[in-house]
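Trainee: My structure is below; once you've seen it, I'll send some questions.
The values are calculated or read from the model by the stated rules, or taken from the named source; none is laboratory data. What you are looking at is a predicted structure, and each value in this text was computed from that prediction instead of being measured. Cβ placement follows ideal geometry from the backbone for every residue including glycine, while neighbour counts extend to all protein chains displayed. Protein only, heavy atoms only, side chains kept; ligands, DNA and RNA dropped before computing areas. Shrake-Rupley method; radii C 1.70, N 1.55, O 1.52, S 1.80 Å.
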Amino acid sequence: MARSESTDVLVVGAGPVGLTLAAELRRAGVACRIVDRLPARLPYAKAVGVQPRTLELFERMGLVREVLDAAVPMRGQLTYENGAERGRVELVLPPEVPYGFAALPQCDTERLLEEFLGRYGTGIERSTALVGFAQDPAGVTSRLTTTSGDEVEVRSRFLVGCDGAHSAVRKGLGLSFEGGAFPEEYMLADVEVGWDLPAGYGVRSMHRGEDGAIDDLLVCIPLPGNGRYRMSMLVPPELSAARQAEAAGAAGGGDGVTHGLEGGTAPALPDIQKVLDRLAPEPVTASALRWSSVFRISHRLVDRYGEGRVFVAGDAAHIHPPTGAQGMNTGIQDACNLAWKLALAVEGAAGPRVLAGYDAERHPVGEEVVGRTVRHAAEGVQADPDDWETLLLREAQLLIGYRESPLVTPLAPDDPALLRPGDRAPDCGGLTGDIAAHPVRLFDLLRGRGHVLLVYGDHPAGDAAADLAAAAREFTGGRMVTYRILPADAPESPTGIPHHHDSRGEFARQYGAGEGAAFVVRPDGYLTACLQPPGAGALKEALRRVFAP
């Protein structure tokens, strides 16, 4: 007989997405358990790109320093065609963006997240698989089994599947997973090379045949270590996992989804060397093979991100080509978006639209990312009609927003506001306080916080900052912190609210703040409301979309 246990949220899958979700829940004080069918973390550099937006979220969590210490910068890409250099791409973002692009093996990202989660007394329950679940209006009953044969029945308020492309949660929920697969297979390898190319640059080397089509390809992404790269290249026929499966009469993946690492014969150093001999920009020898595999690519998207008390995130909800390193980062943003909503729901403080807001906000993002990466994989980044700066900001995931979300207060179409509800809350510097000798950034104030109210100006008329802070505190049950941002030359006033001076005018410029303004920043770093002029009534109306009366 299975023993019965309980928790607030059961997370299935301990990859970067599940670990981020569990960490955010524990940081919010929510009890959760995280299980994974694997006995140990896989030592693979599958997802290696860490986008600037993900680093912003890691900063909000309090994890970014560890990630930066372990990662290496991605400064750009060198492109070669038929042996000749065709150009150099520089990954340079506007100066107000706090982080650049980084590379870090997925196994190291998982290790750092697992260590961070451990600070809250929560560890991964390994060798534990979800075999079924049933939900009712009050919660979810899940059946788990371990490799030792133990059976556990877990009762939770919510269940979240972060269990990858072959998600048991998605299948149990009956979600559709429409899409297709690319015929190409790729070899992945984590190796070291001793070439003289500049550090921090990816390498894309291709060969075009007489018909102009690309018939050979090598892509190298720098990793931490001396000359270490994650390389991908087309698979020769003798290593094709699809051909091996066809010869054995087996169906790849077992459920029709062919995506990710495949079994069969793993490439060896001589296989990698053959490709380098053909395509490397200069003669080089590969060494120190850490791992290798054959990789298949699909593109699929669920019809909805959840139902009732059960949700999916990451590869369980969307899979697509690795072009632009969008997959893991999109999944981590799924987790950060869902975590604060679940936390409010567990506390009984969530408004009636909050949980439905997860699908409303994240499904359009998944749809856009799948479509864009498929287009870029087939036609190249040049298929994107936008200018280079816009394209780079989009790849950095800094243009994601939720203006159409039911959880934000829309502005009139003719409102000239620089920022709108649903937009990412940008960082700014030059905020000076009364005690600290050095200026701080806005993100310093937001770090580790939940919902934050930013009140700008000295408000010579109308509702005072103290009235806004009191309204926010009362309506949210004390769940909102208020900071006052004063113009550089504004006199101080004893309101009892923590305040900083906008000494360089960066806040006013970045937020388009006039003489008086107020902004509500969500736990995932997006704006719930932009109030100009601010007023307690308008603030409560905005908060009513998120918080229970």
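Trainee: Is it fair to say D190 is touching a residue at least 60 places away in the same chain (Cβ under 8 Å), acidic (D, E), within 30 Å of P270 (Cα to Cα) and assigned to a loop (DSSP other than H, G, I, E, B)? Write out each step before concluding.
Mentor: Details: touching a residue at least 60 places away in the same chain (Cβ under 8 Å): yes; acidic (D, E): yes; within 30 Å of P270 (Cα to Cα): yes; assigned to a loop (DSSP other than H, G, I, E, B): no.
Here the answer is no, as D190 does not meet what is asked.
Trainee: If you take the residues of the stretch 479-526 that are of a type in the set (V, I, T) and more than 32 Å from the chain's Cα centre (by Cα), which of them is farthest from A28 (Cα to Cα)?
Mentor: Our first condition is that a residue be of a type in the set (V, I, T); within the stretch 479-526, this holds for 481-482, 485, 495, 497, 520-521.
Remaining after also requiring more than 32 Å from the chain's Cα centre (by Cα): 495, 497.
Values: T495: 28, I497: 23 Å.
Of everything passing the filter in the stretch 479-526, T495 is farthest from A28 (Cα to Cα).
Trainee: Right, another one. Can you tell me which residue is most open to solvent (accessible area, probe 1.4 Å) among those in the stretch 1-16 that are modelled with pLDDT of 95 or more, in contact with a strand residue (DSSP E or B) (Cβ under 9 Å, 6 or more places away or on another chain) and of a type outside the set (G, A, S)?
Mentor: Start the filter on the stretch 1-16 by keeping residues that are modelled with pLDDT of 95 or more, which leaves 7-16.
Next cut, in contact with a strand residue (DSSP E or B) (Cβ under 9 Å, 6 or more places away or on another chain) only: 7-14.
So of that shortlist, the ones also of a type outside the set (G, A, S) come out as 7-12.
Details: T7: 22, D8: 40, V9: 0, L10: 0, V11: 0, V12: 12 Å².
That would be D8.
Trainee: Return yes or no: is L454 in contact with a Gly (Cβ under 6 Å, 6 or more places away or on another chain), open to solvent by less than 50 Å² (accessible area, probe 1.4 Å), modelled with pLDDT of 95 or more and within 28 Å of L355 (Cα to Cα)?
Mentor: Working: in contact with a Gly (Cβ under 6 Å, 6 or more places away or on another chain): no; open to solvent by less than 50 Å² (accessible area, probe 1.4 Å): yes; modelled with pLDDT of 95 or more: yes; within 28 Å of L355 (Cα to Cα): yes.
Criteria not met by L454.
Trainee: Consider only pairs whose beta carbons are under 6 Å apart and that are at least six residues apart or on different chains; among these, list those whose first residue lies in the stretch 426-443 and is over 17 Å from P487 (Cα atoms) and whose second residue is assigned to a loop (DSSP other than H, G, I, E, B).
Mentor: Short answer, once both residue conditions are applied: F443/D427.
Trainee: Run P198 past the list (1) surrounded by 12 or more Cβ atoms within 10 Å (Cβ to Cβ); (2) in contact (Cβ under 8 Å) with a residue 40 or more places away in the chain and report the number of the one that doesn't hold.
Mentor: Every condition holds for P198 apart from (1).
Trainee: Using beta carbons and a limit of 6 Å, which pairs, at least six apart or on different chains, have the first residue in the stretch 163-174 and under 12 Å from A134 (Cα atoms) and at pLDDT 95 or above and the second one aromatic (F, W, Y) and not in a loop (DSSP other than H, G, I, E, B)?
Mentor: Final answer for the pair search is G172/F133.
To keep it simple, each residue is scored yes or no on (1) among the acidic types (D, E); (2) within 28 Å of L93 (Cβ to Cβ); (3) in a loop (DSSP other than H, G, I, E, B); (4) open to solvent by less than 40 Å² (accessible area, probe 1.4 Å).
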| site | (1), (2), (3), (4) |
| --- | --- |
| L392 | no, yes, no, yes |
| Y402 | no, yes, yes, yes |
| V408 | no, yes, yes, yes |
| P413 | no, no, yes, no |
| A417 | no, yes, yes, yes |
| G422 | no, yes, yes, yes |
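Trainee: Considering only the stretch 204-244, state which residues are of a type in the set (G, A, S) and either out of contact with any helix residue (DSSP H, G or I) (no Cβ under 9 Å at 6 or more places or on another chain) or at pLDDT below 85 (or both).
Mentor: We begin by selecting, within the stretch 204-244, every residue of a type in the set (G, A, S); these are 205, 209, 212-213, 225, 227, 232, 240-242.
Matches in the stretch 204-244: G209, G212, A213, G225, G227, S232, S240, A241, A242.
Trainee: Tell me yes or no: at least one residue of the stretch 177-184 is among the acidic types (D, E), under 30 Å from L78 (Cβ atoms) and either open to solvent by less than 40 Å² (accessible area, probe 1.4 Å) or free of Cβ contacts under 8 Å to residues at least 24 places away in the same chain (or both).
Mentor: Residues of the stretch 177-184 that are among the acidic types (D, E), as a first pass: 178, 184.
Right, trim to under 30 Å from L78 (Cβ atoms) and you get 184.
In the following step, the residues that additionally are either open to solvent by less than 40 Å² (accessible area, probe 1.4 Å) or free of Cβ contacts under 8 Å to residues at least 24 places away in the same chain (or both) were identified as none.
Checked against the condition, which is being among the acidic types (D, E), under 30 Å from L78 (Cβ atoms) and either open to solvent by less than 40 Å² (accessible area, probe 1.4 Å) or free of Cβ contacts under 8 Å to residues at least 24 places away in the same chain (or both), the stretch 177-184 yields no hits at all.
Trainee: Follow-up question, since we're still on this one. Could you tell me whether any residue of the stretch 36-47 is small (G, A, S), in contact (Cβ under 8 Å) with a residue 24 or more places away in the chain, within 30 Å of E151 (Cβ to Cβ) and in contact with a Leu (Cβ under 8 Å, 6 or more places away or on another chain)? Spell out the reasoning first.
Mentor: Taking the stretch 36-47 first, the residues small (G, A, S) are 40, 45, 47.
Next, from what is left, pick out any that are in contact (Cβ under 8 Å) with a residue 24 or more places away in the chain: 40, 45, 47.
Subsequent filtering for residues that are within 30 Å of E151 (Cβ to Cβ) retains 40.
Next, from what is left, pick out any that are in contact with a Leu (Cβ under 8 Å, 6 or more places away or on another chain): none.
The answer is no, given that none of the residues of the stretch 36-47 is small (G, A, S), in contact (Cβ under 8 Å) with a residue 24 or more places away in the chain, within 30 Å of E151 (Cβ to Cβ) and in contact with a Leu (Cβ under 8 Å, 6 or more places away or on another chain).
Trainee: Which ones in the stretch 74-122 are loosely packed, with under 14 Cβ neighbours inside 10 Å and either hydrophobic (A, V, I, L, M, F, W, C) or closer than 30 Å to L218 by Cβ (or both)?
Mentor: Correct list: N82, G83, A84, E85, R86, G87, R88, E90.
Trainee: Residues that are polar (S, T, N, Q): list the strands (runs of 3 or more DSSP E) wholly contained in the stretch 450-549 that include at least 1 such residues.
Mentor: On the way: elements: 451-456, 480-487, 499-502, 517-521, 527-531.
Here the list reads 480-487, 527-531.
Trainee: With open to solvent by 10 Å² or more (accessible area, probe 1.4 Å), of a type outside the set (G, A, S) and over 30 Å from Y358 (Cβ atoms) as the only criterion, which of P549, P498, P523 stands out? Before you say what the answer is, go through the steps one by one.
Mentor: Values: P549 fails: over 30 Å from Y358 (Cβ atoms); P523 fails: over 30 Å from Y358 (Cβ atoms).
Residue meeting the stated conditions: P498.
Trainee: Condition first: out of contact with any helix residue (DSSP H, G or I) (no Cβ under 9 Å at 6 or more places or on another chain) and free of Cβ contacts under 8 Å to residues at least 60 places away in the same chain. Now tell me which residues in the stretch 498-537 satisfy that.
Mentor: A508, E515
Trainee: Additional query: Is it fair to say D489 is in contact with a Ser or Thr (Cβ under 9 Å, 6 or more places away or on another chain) and acidic (D, E)? Step through it out loud before you land on a result.
Mentor: Values: in contact with a Ser or Thr (Cβ under 9 Å, 6 or more places away or on another chain): no; acidic (D, E): yes.
In short, no.
Trainee: Please state which of the following conditions V169 fails to meet, knowing it meets all the rest: (1) surrounded by fewer than 19 Cβ atoms within 10 Å (Cβ to Cβ); (2) under 23 Å from A47 (Cβ atoms).
Mentor: It is condition (1) that V169 fails.
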